[in-house]
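**Student:** There's a structure below that I have some questions on.
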Amino acid sequence: MSIQSNTILLTQGRVYDHSDTSERPGPADILIIGDRIAAVEPGLAEKLGGEVHGAPIGSVIDARDHLVLPGLVNAHYHSHDTLLKGCFETIPRETWLLNALPPNYSRRSPAEIRARTLLGAVECLRVGITSVQDMLTMAPMDAGDIEVALQAYADAGIRCVFSLQTGDVHGAKVTPFWEEIFPETVANGMSGVVSNDAGATALADELRALHTRFAGKSDTISWGLAPSSPERCTPAFLKALAELAEQAGLRVFTHIYESRATTLIARQKFAAWNGSLVSYLAAHGMLGPQTTLAHGVWMLPAEIEQVAKAGASVVLNPVGNLKTRSGVAPMAQYLAAGVNLGLGCDNNSCSDAQNLFQAMKAFAGLAAVSDVEGDRPSARDALFAATAGGAQALGLQGVVGQIKPGFKADLTLLRLDDPSFIPFNNAARQVVFSECGRAVDTVLVNGRILVRHGRCTSVDEAALRGQVEDAMGALREEIAAVSARTESLQPQLAEAHRRTWNAPLEVNRYVGGAVPQNKIN
Ligand SMILES: [Zn+2]
């Protein structure tokens with residue numbers, strides 16, 4: 001009798017269920033056949049007697065004394081700068097862009113692209129993240145380089161909703177006061193996203209060709225579109241992308257209202273859409289259930305209602321928003337309006353860690369001081385956003401985010417003998433408020449065991465460390481040169497920021513007296 005090698009039985013784990021409100025879920029067994037969860041029930045192991053369909057089960061994982069979570073979903077992430085962690089202090093977003101974004105650097109080698117993609121995947125997997133939405137900026141947008149990143153994802157095994165970040169408007173044109181403060185020659189070099197001078201249609205055609213060439217080659221990689229942010233895209237480009245999204249059934253991911261500057265530019269340059277980037281997106285067929293908006297820090301109450309009505313998702317990135325001095329999103333207002341929320345960790349150059357435990361705790365805590373009388377989000381809300389909410393934001397609702405028969409087998413097992421869970425009082429609260437990632441023991445994606453006893457099984461972590469070090473020689477020199485250039489522009493950057501912070505705006509997302517109160521209407 002041959003072993004059913006594609007079957008895994010997890011026995012006696014405490015299985016987290018979003019709809020079960022008990023403080024400590026009871027033990028149950030989980031049967032996985034192929035890439036999916038086939039059954040979840042107490043006593044299943046005994047019932048099966050070691051066999052599925054008359055053949056011995058492929059492998060059995062003793063999950064006693066473990067909490068089994070749906071795999072965590074990192075719903076906003078960029079793999080292009082995983083090697084820049086720890087390079088910058090808490091600098092304002094617009095200064096950070098100059099230090100961090102790929103167009104400021106020379107083209108990277110395939111070896112570096114592979115190493116950085118794998119490193120990001122390993123960092124995520126080791127803290128229980130099973131899905132990422134990678135909004136990757138490739139400069140230049142080379143098909144060979146893109147293939148290297150996709151292969152790294154397929155090898156690492158983490159689930160990825162892959163998208164190429166693009167825009168066709170120069171960054172300096174849509175950053176408040178930059179055009180008047182910087183000489184044109186300097187401003188021209190201050191690019192942020194991959195632009196295509198050939199025009200909006202050509203850029204959309206390029207994306208269409210890349211999608212046709214690479215999509216559907218891996219079970220764990222799907223594709224989306226990523227117009228960088230509304231202000232970085234012309235109406236023609238948005239329209240072309242909306243058409244492509246419709247034709248190819250692709251989800252659209254974009255940044256919106258991340259900082260005070262991105263909000264001020266909406267008022268300054270988008271008067272035709274009432275100064276609203278949400279209305280600008282809507283006017284070009286880009287606001288609907290297939291839309292996922294990252295950040296939304298400075299969104300107005302009426303815009304939150306508009307987003308809720310459209311059925312779009314918002315992905316909050318509370319840690320990155322703090323480090324880039326961007327502010328605190330109106331989290332409780334999103335929840336009250338019924339907007340689906342996911343959580344993300346954004347870039348390693350601005351949040352410096354891919355860790356949803358940090359994101360969940362920041363989400364719960366910052367929301368609490370944004371709406372002191374409300375009682376949401378609870379820890380359960382935070383855990384929902386980091387799993388099922390994120391799944392919906394990635395277009396994977398009904399696929400991942402819950403531990404139920406028919407769902408993909410994306411699971412994260414936490415050791416309950418870790419100090420974070422001793423004593424074990426409340427599963428959701430200890431995941432959100434106590435755990436930091438230390439208790440992550442085993443991680444499965446698509447029925448494949450990718451982390452066992454805290455180490456990656458799909459990537460040789462020691463060899464990867466060597467590959468990263470090999471890449472760092474040349475990269476460190478460039479980081480120093482790029483940082484020195486930004487430093488030389490500091491007087492002008494400071495002036496632009498000062499004007500941005502002093503300009504009147506009808507909304508405030510800073511804490512305490514960060515911005516003079518008389519400037520807030
Ligand atoms: Zn981002």
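The values are calculated or read from the model by the stated rules, or taken from the named source; none is laboratory data. Keep in mind that what you see is a predicted model, and the values were worked out from it rather than measured. Cβ atoms come from the backbone with ideal geometry, glycine included; neighbour counts cover every protein chain shown. To get the accessible areas, we keep the full protein, side chains included, count just its heavy atoms, and leave off ligands, DNA and RNA. Shrake-Rupley method; radii C 1.70, N 1.55, O 1.52, S 1.80 Å.
**Student:** Given H placed on each backbone N at 1.01 Å, which residues far from Val451 in sequence or on other chains put an amide H within less than 5 Å of it?
**Tutor:** Here the answer is Val443, Thr457, since their amide H atoms fall under 5 Å of that of Val451.
**Student:** Starting at the first residue of region 485-498, write each ³J(HN,Hα) from the Karplus equation 6.51 cos²θ - 1.76 cosθ + 1.60 with θ = phi - 60°, in whole Hz, x for Gly and Pro.
**Tutor:** 5, 4, 4, 5, 8, 3, x, 5, 4, 5, 5, 4, 5, 4
**Student:** Under 12 Å Cα to Cα from Lys47, which aspartates and glutamates show up? Leave out anything in the same chain fewer than 8 places away.
**Tutor:** Once the sequence-local aspartates and glutamates are set aside, what remains near Lys47 is Asp29.
**Student:** What order, most packed first, do the peptides 229-239, 49-59, 199-209 have when packing is the mean number of other Cβ atoms within 10 Å of each residue?
**Tutor:** Result, highest mean first: 229-239, 199-209, 49-59.
**Student:** Report, to the nearest 10°, how far helix 200-214 tilts away from the longest principal axis of the Cα atoms in the chain, using its own Cα long axis and a range of 0 to 90°.
**Tutor:** Once rounded, the angle reads 20 degrees.
**Student:** Counting only protein heavy atoms and using a 1.4 Å probe, what share of the accessible area of the chain belongs to carbon plus sulfur, as a whole percent?
**Tutor:** 51
**Student:** Give the residue list of GluC sites (Glu not before Pro) in region 413-521 that are DSSP loop and have at most 13 other beta-carbon atoms within 10 angstrom.
**Tutor:** Those satisfying the criteria are Glu506.
**Student:** When we measure straight from the Cα of Lys173, which lysines land under 29 angstrom away, once same-chain ones fewer than 8 places off are left out?
**Tutor:** Result set, ordered by chain and number: Lys85, Lys239, Lys269, Lys323, Lys519.
**Student:** At 4 °C and 1.567 mPa s, grab the translational diffusion coefficient of the chain from Stokes-Einstein with a Kirkwood Rh over Cα pairs, rounded to a whole number in µm² per second.
**Tutor:** So the translational diffusion coefficient is about 55 µm²/s.
**Student:** Further question on the same structure: In degrees, nearest 10, range 0 to 90: what is the angle between the Cα axis of helix 235-248 and the longest Cα principal axis of the chain?
**Tutor:** 20
**Student:** As a check on your grasp of the helix formula, calculate [θ] at 222 nm for the chain: sum -39500 (n - 2.57) over DSSP H runs of n ≥ 4, divide by the residue count, round to the nearest 500.
**Tutor:** -10500 deg cm²/dmol
**Student:** Additional query: With charges set only on the Cβ (+1 for Lys and Arg, -1 for Asp and Glu), what does the dipole of the chain come to about its Cα centre, in debye to the nearest 20?
**Tutor:** 420
**Student:** Can you pull out the trypsin sites (Lys or Arg not before Pro) in region 1-68 whose DSSP state is coil and whose Cβ has at most 16 other Cβ atoms within 10 Å?
**Tutor:** Sites meeting the loop and neighbour criteria: Arg64.
**Student:** From the phi angles alone, apply the Karplus equation (6.51, -1.76, 1.60; θ = phi - 60°) to region 88-103 and give each ³J(HN,Hα) in whole Hz, x where the residue is Gly or Pro.
**Tutor:** Values, residue by residue: 9, 7, 7, 9, x, 3, 5, 6, 4, 3, 5, 7, 10, 6, x, x Hz.
**Student:** Say a paramagnetic label sat at a point 7 Å from the Cα of Ala154, along Cα to Cβ; which residues of region 454-498 have their backbone N under 19 Å from it?
**Tutor:** Within reach of a label on Ala154, which here means backbone N under 19 Å from a point 7 Å along Cα→Cβ, region 454-498 contributes 458-460.
**Student:** Which value, in Å², gives the accessible area per residue of the chain when a 1.4 Å probe is used on the protein heavy atoms?
**Tutor:** 37
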